Structures are given as structure tokens and as C-alpha cells.
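Engineer: My questions all concern the structure below.
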Amino acid sequence: MKVLLTGSTGYIGRRLKQQLLKNSIIDLRLFVRNKNSISSEVLQKVEVFEGDTFDTRSLEKALSGVDVAYYLIHSLNRDNYKELDKKSAQNFVDIASQCGVKKIIYLGGLGVKDEYTSEHLLSRLETGEILSSNSNLQTIWIRAGVIIGSGSASFEIIRNLAEKLPVMLTPKWVETKAQPIAVEDVIQYLESSLFLEQKKNLIVDIGTEQLSYRQMMLKTASALGLQRYIIKVPFMSITVSSYWLNLFTPVPFSVAKALIEGLKSEVVKQNDNAKIYFPHIKPISYEEAVKKATQEIKENQVISRWNDNSGEIWDRDHKKQINDAVFVDRKEGNISGIEASKVYNSFISIGGENGWFDFDFLWEIRGIVDKMLGGVGLKRGRRSQCDLRTGDCLDFWKVIDIQKEKRLLLYAQMKLPGEGWLEFKIENDKLIQSAYFYPRGVWGRIYWYTLVPLHYFVFTNMLHNIIKKSKKV
Ligand SMILES: NC(=O)c1ccc[n+]([C@@H]2O[C@H](COP(=O)([O-])OP(=O)(O)OC[C@H]3O[C@@H](n4cnc5c(N)ncnc54)[C@H](OP(=O)(O)O)[C@@H]3O)[C@@H](O)[C@H]2O)c1
């Protein structure tokens with residue numbers, strides 16, 4: 001069975017890819033926006049087609065000869081995502097039909113269209129309607145609400161609130177009902193949909209028990225062994241709640257706001273098709289899902305995170321912009337006599353719980369300033385404290401390029417009056433560490449010059465301590 005997986009660099013797609021690779025009857029093909037985001041190990045096992053759903057020629061190539069195609073795409077990071085999502089889904093279903101694809105499997109959001117439906121959910125519902133509108137092929141539309149798994153945005157919010165706040169003042173939306181589901185169960189439904197004999201279009205709502213957000217927070221706290229108190233207050237607007245989430249959880253303001261807007265209406269199942277068509281899948285309880293997710297985090301076994309997707313980072317020509325950078329802070333260190341692997345392991349351990357090789361308090365302050373400006377701050381940390389891959393978030397950076405024993409390139413995702421990169425490169429007997437900055441207007445220049453004295457200490461000690469650590473490991 002030739003299967004095309006789109007969105008394989010995203011939260012759900014990465015996990016589904018791992019699952020499908022285990023199934024020997026599946027001949028897997030990936031459709032990605034940038035081939036660099038796929039590890040060399042995966043590249044050896046699957047066909048990879050580079051493209052974009054707005055580029056119909058690339059879709060034609062990727063969909064030809066395919067039996068079943070997964071659609072795990074959205075454009076939420078863009079301002080005009082509603083229009084983009086419609087266009088993307090229409091292109092996909094039209095070309096899939098032309099190419100003779102038999103089935104599309106789509107994962108969308110749970111909920112109904114009413115006056116309280118958020119813009120985000122509406123867009124997901126419209127995508128499902130478009131994908132189901134072509135009679136030449138079957139569409140299985142799985143609908144999930146809150147997904148509980150290590151690295152999922154909803155779970156990270158609930159976990160961070162439960163861990164950090166012994167007493168929570170919450171708005172009335174905490175009583176809204178949802179029907180959460182473990183990410184492992186979502187993956188099972190998606191995989192099982194491949195083999196469903198049924199030939200007509202289907203909408204399959206999935207989830208375990210109905211719980212309010214208050215119950216989810218208290219159950220999460222109890223799974224973590226914590227006693228928490230929730231006090232409802234009448235005065236918290238969506239904007240205030242979003243700032244609250246922005247400050248206490250890893251999600252930036254924009255994501256927090258989109259999620260809170262979605263909490264105005266209930267997200268519960270509207271049909272029983274999960275039981276009817278997939279009786280063999282028995283979703284695990286909320287508590288079990290929380291324990292599993294927490295365990296994965298503890299064991300550094302997080303497969304994917306909500307911020308894995310690359311969004312707009314590939315729209316930039318990083319190579320050219322780095323070459324054209326106005327300001328460069330370049331430092332070199334002698335590494336003769338030290339194995340390249342040790343130097344590499346040392347610099348790729350940067351960030352997250354491992355710290356920044358000195359002056360961690362300055363990085364913390366920068367993270368707090370970023371959060372106050374509505375940015376991502378430092379709370380995203382690292383997916384794993386020992387492993388790093390292209391596309392990973394690392395505090396307020398994103399991994400753009402990682403070449404074993406050669407190079408690590410990070411792109412700055414904090415709020416900045418310009419664009420910045422941090423690079424570590426091994427060349428012969430030297431470790432070269434460079435911070436590049438492309439300022440936006442006069443503020444960008446003032447920003448850089450103000451930080452020059454701090455950069456001197458931070459970057460000098462960083463290089464020194466990376467080399468020192470590589471001598472020890
Ligand atoms: N995550 C959840 O908690 C959750 C809950 C309920 C439903 N869902 C549904 O599950 C689906 C997948 O969500 P997700 O959380 O996995 O998303 P995600 O992490 O944001 O990933 C989105 C994926 O789409 C790709 N993509 C975006 N625009 C594209 C385009 N024009 N052409 C080709 N690829 C494109 C991205 O590639 P790049 O890496 O290049 O950006 C990325 O791989 C969505 O339909 C969502 O509504 C998710």
C-alpha cells in the first residue's frame with residue numbers, strides 16, 4: 001500500500017511516521033516543505049517529496065501512484081490562515097482525485113459550528129468539509145479535542161499550570177467540558193483508518209471521558225502528586241487569561257489566545273463512530289495518559305512537540321542572510337588534541353536544563369523580557385537534554401542546521417528588532433562560534449550596540465566553557 005504522509009514534521013505527523021515505519025505492508029512516502037528537516041536515518045527508509053500544498057506541481061508529483069494520503073496540515077502560524085487552509089485543502093483533494101488516490105485521512109478538531117466556535121476550529125471544520133467534498137475518493141475525518149501527550153500544547157499548558165501554581169484564579173471557562181484523548185490513541189485511530197473496509201465518507205469523533213478543564217487540571221496535579229486549589233473569578237477576560245498562560249507556560253501569547261478562544265464552547269463527541277468502526281481501540285483514561293506523558297518527559301523520550309513544525313523559518317534564505325549580516329560576533333577556540341565528537345557533543349548540549357555555559361541568569365532575564373513582550377521565552381527548553389535534530393526548539397532558538405561533528409546553526413525566535421543566528425562550527429583544529437545579527441532599522445542597531453559589553457562576557461565564556469566541557473566528556 002503506497003501511503004503519502006503530509007505534516008510529517010509536525011506534532012502528530014512525527015509520531016504517525018514512526019508508527020507507519022513499523023508496518024511492513026506500508027510503502028511510505030513523505031511530503032515535506034524542506035528535506036533538511038528529515039533525518040538521514042529516515043531518508044534511507046522512505047521516499048521524500050519536497051513541496052508545498054500551494055504548489056500544485058509538487059502535489060501532483062507527490063500524489064501520483066498513491067493509494068492513501070494523510071492530510072495533517074494547517075497554516076495556523078500565518079495571519080490569513082483561514083483562506084490559506086481552504087486553498088491548501090482544495091488543492092490537495094482536487095489533485096488527489098486526479099491522481100486516483102482512493103482515500104484521504106484527515107485529523108481535525110472536535111466541536112460543532114455555533115456562535116461560540118473559535119476561528120481556529122471553524123477553519124479546521126471547513127478543511128474537513130472541503131476534503132470530504134469529492135465523490136471520487138473516500139475521506140475519513142477523525143476529530144480530536146484536547147490531545148494528551150508529552151509535548152502537546154494543551155498538555156504542556158495544563159501541566160505547567162498544575163506544577164507551578166498551588167492556587168489558581170481561573171475564569172469561568174474552566175467549567176467547559178472537553179473529551180481529551182491520549183496521543184497514542186490518536187495515532188492508533190489514524191493508522192487503523194488505513195485498513196477500514198468501509199467505502200463511504202466517515203466522520204469519527206474520538207475521546208475518552210468528558211471532563212471540564214478544572215477537572216483536568218486537578219487530575220493532572222494529583223497524577224503529579226500535588227494538591228492544588230482552583231478559585232473561579234468573574235473578571236478574567238480572554239486577553240488577561242492569555243497573558244497569564246503566556247507567563248506561566250511555554251506557549252507564546254498568540255497560541256495561548258487561540259487556545260483560550262476555543263474554550264468558550266464544549267468540545268465533546270457528536271457521534272459514536274469510534275466505537276462502531278474501531279471497536280478494537282480502547283482509549284486509555286485521562287490519568288493514564290498524563291502518567292505516560294510525564295514519564296516520557298522524565299526519560300527524555302519525547303517524540304514530538306507542539307512547536308516542532310518549521311512554520312515560516314524555511315521561507316528565509318538563512319545562508320544568504322548570514323552572509324549579509326550587518327553585525328557578527330565571531331570567536332575562535334583551539335581544539336587541537338580533542339576529538340571532534342567530544343567538541344560536537346559539548347556544543348549540542350547547549351540550552352534547556354543544561355544551561356548556557358555561564359551567565360545563565362542573563363539568559364533567564366532575557367527569557368522573562370521576551371515573555372513580557374509576548375514571545376516564547378525560555379520555557380520551551382529542549383525536547384531532549386541529550387539529543388538535538390533539525391526543527392527542534394531550544395529555549396527561544398530553533399535548530400536550522402545540524403551536521404554531525406561539524407556544525408550547529410540556531411535561529412533566534414525571541415522578540416528582536418531584527419534577526420539573529422548563533423553558529424558553532426568545527427574547522428580543522430578550531431571551534432568557531434559566531435553570533436550574526438541583521439538589524440531592523442535604527443532600533444536594531446541600538447539593540448546590538450547596547451548589548452555589545454554583555455555579549456563580550458557571555459560569548460567569550462560560552463566558547464571557553466564549551467571547550468572545557470569537551471575535554472571532560
Ligand atoms: N496537536 C494537537 O493537539 C491537535 C489536536 C486536535 C487536532 N489536531 C489536528 O491534527 C493536524 C496536525 O496538527 P499538528 O499539531 O501535528 O500540527 P503542527 O505540529 O503544527 O504541524 C503542521 C505540519 O503541517 C506542515 N505544513 C504546514 N503548511 C504546509 C503546506 N502548505 N504544505 C506542506 N506542509 C505544510 C508543517 O510543515 P513545516 O514543518 O514545514 O512547517 C508541519 O509538518 C491538524 O489538522 C490539527 O488540527 C491537532
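The values are calculated or read from the model by the stated rules, or taken from the named source; none is laboratory data. Worth saying up front: this structure is predicted, and the values here are computed from it rather than measured. Virtual Cβ from ideal backbone geometry, glycine too; neighbours counted across all protein chains shown. Just so you know, the surface numbers come from the protein's heavy atoms only, side chains and all, with ligands and any DNA or RNA stripped out. Shrake-Rupley method; radii C 1.70, N 1.55, O 1.52, S 1.80 Å.
Engineer: Within the set of pairs 6+ apart or on separate chains, which have a first residue in the stretch 420-448 that is modelled with pLDDT of 95 or more, a second that is open to solvent by less than 10 Å² (accessible area, probe 1.4 Å) and hydroxyl-bearing (Ser, Thr, Tyr), and C-beta atoms under 7 Å apart?
Structural biologist: Close Cβ pairs (under 7 Å, with a partner that is open to solvent by less than 10 Å² (accessible area, probe 1.4 Å) and hydroxyl-bearing (Ser, Thr, Tyr)) amount to GLU423/SER434.
Engineer: Restricting attention to the stretch 401-432, which residues are within 14 Å of ILE350 (Cβ to Cβ), among the aliphatic types (A, V, I, L, M) and open to solvent by less than 20 Å² (accessible area, probe 1.4 Å)?
Structural biologist: Residues satisfying the conditions are LEU408, LEU409, LEU410, ALA412, LEU422, LEU431.
Engineer: More than 24 Å from TRP397 (Cβ to Cβ) and surrounded by fewer than 17 Cβ atoms within 10 Å (Cβ to Cβ): does that describe LYS269?
Structural biologist: On the way: more than 24 Å from TRP397 (Cβ to Cβ): yes; surrounded by fewer than 17 Cβ atoms within 10 Å (Cβ to Cβ): no.
It is false that LYS269 is more than 24 Å from TRP397 (Cβ to Cβ) and surrounded by fewer than 17 Cβ atoms within 10 Å (Cβ to Cβ).
Engineer: Still on this structure, please answer the following. Six or more apart or on different chains, Cβ under 7 Å: which pairs go from a residue in the stretch 44-59 that's open to solvent by 20 Å² or more (accessible area, probe 1.4 Å) and within 12 Å of the ligand (Cβ to nearest atom) to one that's basic (Lys, Arg) and at pLDDT 95 or above? Could you list them?
Structural biologist: PHE49/ARG29; PHE49/LYS61; PHE54/LYS87
Engineer: Let me ask something else about it. Exactly one condition in (1) open to solvent by less than 10 Å² (accessible area, probe 1.4 Å); (2) within 20 Å of the chain's Cα centre (by Cα) is not met by ALA153; state its number.
Structural biologist: The single condition ALA153 does not satisfy is (1).
Engineer: Let me ask another. Quickly run through the stretch 272-318 and pick out the residues that are closer than 24 Å to GLN215 by Cα, open to solvent by less than 80 Å² (accessible area, probe 1.4 Å) and among the acidic types (Asp, Glu).
Structural biologist: Within the stretch 272-318, GLU287, GLU296 meet the criteria.
Engineer: Separate question: Filter the stretch 323-343 for residues that are outside any loop (DSSP other than H, G, I, E, B) and open to solvent by 20 Å² or more (accessible area, probe 1.4 Å) and give the result. Quick ask: steps written out before the conclusion?
Structural biologist: Of the stretch 323-343, the ones outside any loop (DSSP other than H, G, I, E, B) are 323, 327-334, 340-343.
Those that are outside any loop (DSSP other than H, G, I, E, B) and open to solvent by 20 Å² or more (accessible area, probe 1.4 Å): ASN323, PHE327, VAL328, ASP329, ARG330, LYS331, GLU332, ASN334, ALA340, SER341, LYS342.
Engineer: Can you pull out the strands (runs of 3 or more DSSP E) entirely within the stretch 1-82 that have at least 2 residues that are closer than 20 Å to LEU137 by Cα and modelled with pLDDT of 95 or more? Reasoning before the result, please.
Structural biologist: Details: elements: 2-6, 27-32, 47-50, 68-71.
By residue number, 2-6, 27-32, 68-71.
Engineer: To continue, here is another question. ARG33: away from the ligand (no atom under 13 Å from the Cβ) and touching a Phe, Trp or Tyr at 6+ places or on another chain (Cβ under 8 Å), yes or no? Show your work before the answer.
Structural biologist: Details: away from the ligand (no atom under 13 Å from the Cβ): no; touching a Phe, Trp or Tyr at 6+ places or on another chain (Cβ under 8 Å): yes.
Judged against the criteria, ARG33 is not a match.
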